[in-house]
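In what follows, a single structure is set out as C-alpha cells and then discussed.
The values are calculated or read from the model by the stated rules, or taken from the named source; none is laboratory data. Everything quoted here is computed from the prediction, not taken from an experiment. Cβ coordinates were reconstructed from backbone atoms using ideal geometry, including for glycine residues, and neighbour counts include every protein chain displayed. These accessible areas exclude ligands, DNA and RNA; they are computed on the full protein's heavy atoms, side chains included. Shrake-Rupley method; radii C 1.70, N 1.55, O 1.52, S 1.80 Å.
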Amino acid sequence: MTVEELEKEQAPKQARLGLVGWLRWVWRTLTSMKTALILLFLLALASVPGSLVPQRGVEPDKVARFYEQYPTLAEWYDRVQLFEVFTSVWFAAIYLLLFTSLVGCIVPRTLTYARELRRRPPAAPRNLSKLPHHAAIDGDLTAEEAARRLRRLRFRVETGDGWVSAEKGYLRETGNLLFHVALLGVLVAVAVGSLYGYRGNVLVVEGDGFANTVAAYDRFIPGNQVSAESLEPFSFELRDFKATYQVQGDKRGQELDYSAYLKVNDSPGAPARDYELKVNEPLEINGTQTYLIGHGYAPVFKVTDGKGQVAFEGPVPCLIELKPTLTSGCVVKAPDAQPTQLGFLLRFLPTSVPLTDGSYASAFPGAVNPEVQVLGVFGGDLGVRSGEPQSVYELAKPEVMRKLKPLIMGTKVPKPLVVGQQLDIPGGAGKLQFTGVKEWITLQTAYDPGRFPALLASGTAVVAIALSLMIRRRRVFVRVKDGRAEVGGLTRTEGSAAGFAEEFADIVKVLSAGDKDAR
C-alpha cells in the first residue's frame, strides 16, 4: 500500500446526514431564536408594501386610479399580489413559518422553565470572597435568622449546615416566555379573524340605502368559515353628507372634517336611529364595524335617446382624478338607448373656473360652482351585454372602443354644462342633461372576532417584555461560622452587575440590622 493510499484510508470520512438527519437540521434551524427573529423582521418588512400600495380590500377606488395612471406597473403589482399584501401567498408563507418557529421555541423553553422552577437554589460556595460582591458581618447573625430576613425580601431560600442560599428574579424568564406566548397569541388571533371574520367595501350615494348582505357589497372578502348567514342583519340609509374645507391661506382646499348622516336599523324589526359616521368613529353593531374611508361626487344625469325615451337617469359616481380639487372623471352608459347605444366620457368640476387658454379647471374641492365637461360622446355597441365584467369607471375595453362611433370629440367639445343645462347630440341621437349634484361615500364593513384577543395578546407582550428587560436574576449566599457571617452575591443576567451593587449593599444592611426592606 502506498503512502497516499494509507493517508486516504486513515483520513476522517464525512458523515452523511440522511433524510432523518436533514429533517432534524431543518427543524432545529427553523425553531432557533435567530430564525424566529429573522422571520419576525421579514413579517414586518412584508407589511410595508401594504401601507405604501393601495389595497383592494380597503381602497378599491385608488387601485382603479393606479391602473389608469400606471397600467403596466399595476399589472406587475397584481402579479406579485402587492394590491392584496395581507392575503398574498408569500405573506402567508412568512406568517406560517413564524408560527411554526414560535411553537418550536416555546415548547422546549416551557419544559426547561418548569424544571428550573422546581429546582432549589444551589448550596453556598465555600469561599464567598471570590464572588463579584462580598461583605462581612460582625455579630450574632445565625443561618436561620439570615434565611428569615432574606425571605422577607422575597428570595427563594435554601438552607444547610451554616449556610444560606437565596435566589430571586425568576420573573425575568417568566416575562421572556410570556412574550413568546403572547406573540403566538397575536398570530392565532389574526388567524381566527381571517377564518371567521370578513371585510366588505361598498360605495353609497346620498339618498341610497345599504343592507348588510353579500349581494350589496361591491367587494366582499369572507373568511373560510363565513357564510351568508354569518353577516349581522343591519341596514341604513345615507341621508346626507357634509364636508368642510380650508377656505383661506396656503392650505386652501384642505379637508378639515367630513361626516355621513345615517338612518340606521340595527335589525330588520328594530326602530331607525340617527347616527353621524365620522372618520375613525365607526358604526358598531354587535361586533361588526363600518368605517367611513372616502368620499367624492356623483352628479345626476338624464339621458334621452333619439326616440325621445329616457334611457338613463340617476347619479353617477365619479372617480377622483385630482385630490386637491376633487376634479373627477365620470362615465355614463346608456345601453338601452335607441336607435344606438350611447356612452359619455365626462369630467366633473366642483368649482369650475375658466383658464386663460380657454379650458376649464376646478379651483376648490367644495361644490361652489359645479359644472360638467363633456370630453366625448360615442355611439354603438358598448359591450355591456357580452357577459364579461366591466368597470363602472371605464366606458369600454380598448377593442370595443375602437368600434364605437365618436359623436362628439376634439374641437366639437362644448362648454361645460351647469346644473339644469342639456347637451343635444348631433344627428338626433339624443341628449344629455345635467340635473343635479350628489355625493358618495365609500365604506368598509369588517367583522373580526380576533380583534379583542389580539389586543389582549399585544398588551400582554408589552408587559412581558418590560418584565424581561427590567428584572434581573441574582443570587445571595450567607455563611455563618464562629460568630462571623460572610455574604456574597452575583447576578445571572449579563450586563446588570452595576445595578446589583446598590441592591447588594441594601441586602447587607438588612442582614446586619434586621431592617425590613421597604421595597
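What FRET efficiency do you get for residue 247 and residue 293 if R0 is 30 Å and r is their Cβ-Cβ distance, rounded to the nearest 0.05? Efficiency at R0 = 30 Å is approximately 0.75. Here, the chain yields an orientationally averaged convex hull projection of 46.0 nm² when only Cα atoms define the hull. How much of the accessible area of the chain, in percent, comes from carbon and sulfur atoms when a 1.4 Å probe is used? Result for the chain: 56 percent of the exposed heavy-atom area is carbon or sulfur. Computed extension gain for residue 361 through residue 462, at 0.36 nm per residue and net of the alpha carbon distance, reaches 31.2 nm.
The mean of 1/r over all distinct Cα pairs in the stretch 200-271, once inverted, gives the Kirkwood hydrodynamic radius of 14.7 Å. Taking Cα atoms only, the orientation of helix 497-513 departs from the longest principal axis of the chain by about 50 degrees. Remark on residue 375: its backbone amide H falls under 5 Å from those of 345, 346, 347, a criterion applied only to residues 5 or more positions apart or on other chains, H modelled at 1.01 Å from N. Full extension of the chain between residue 118 and residue 388 yields a length gain of 90.3 nm, computed as 0.36 nm times the residue separation minus the alpha carbon distance. In terms of overall dimensions, the C-alpha atoms belonging to the stretch 130-236 reach 89, 28, 25 Å along their principal axes, ordered largest to smallest. Surface calculation, 1.4 Å probe, protein heavy atoms: residue 302 sits at approximately 60 Å² accessible.
Note on residue 216/residue 73: beta-carbon distance plugged into 1/(1 + (r/R0)^6) with R0 of 35 Å gives a FRET efficiency of 0.60. Can you tell me the 0 to 90 degree angle between the C-alpha axis of helix 18-30 and the longest principal axis of the chain, rounded to 10? Approximately 80 degrees, to the nearest 10. The C-alpha atoms of the chain define a longest principal axis, and helix 33-52 lies at about 20 degrees to it.
The overall shape of the stretch 280-404, judged from the alpha-carbon gyration tensor, is oblate: a/c is not under 1.5, and a/b is no greater than b/c. Extending 7 Å from the Cα toward the beta-carbon at both residue 140 and residue 405 defines two label points whose distance is 12.1 nm.
Would you mind classifying the stretch 194-315 by shape? Square roots of the alpha carbon gyration tensor eigenvalues, ordered a ≥ b ≥ c; an a/c under 1.5 is rounded, otherwise it is prolate if a/b is larger than b/c and oblate if not. Because a/c hits 1.5 or more and a/b fails to exceed b/c, the stretch 194-315 counts as oblate.
For the chain, the solvent-accessible area works out to 56 Å² per residue, with a probe of 1.4 Å and every protein chain left in place.
For the stretch 232-291, a/c is not less than 1.5, where a ≥ b ≥ c are the root eigenvalues of the C-alpha gyration tensor, and a/b tops b/c. That puts it in the prolate class. With a Förster radius of 56 Å applied to the beta-carbon distance between residue 257 and residue 37, the computed FRET efficiency rounds to 0.85.
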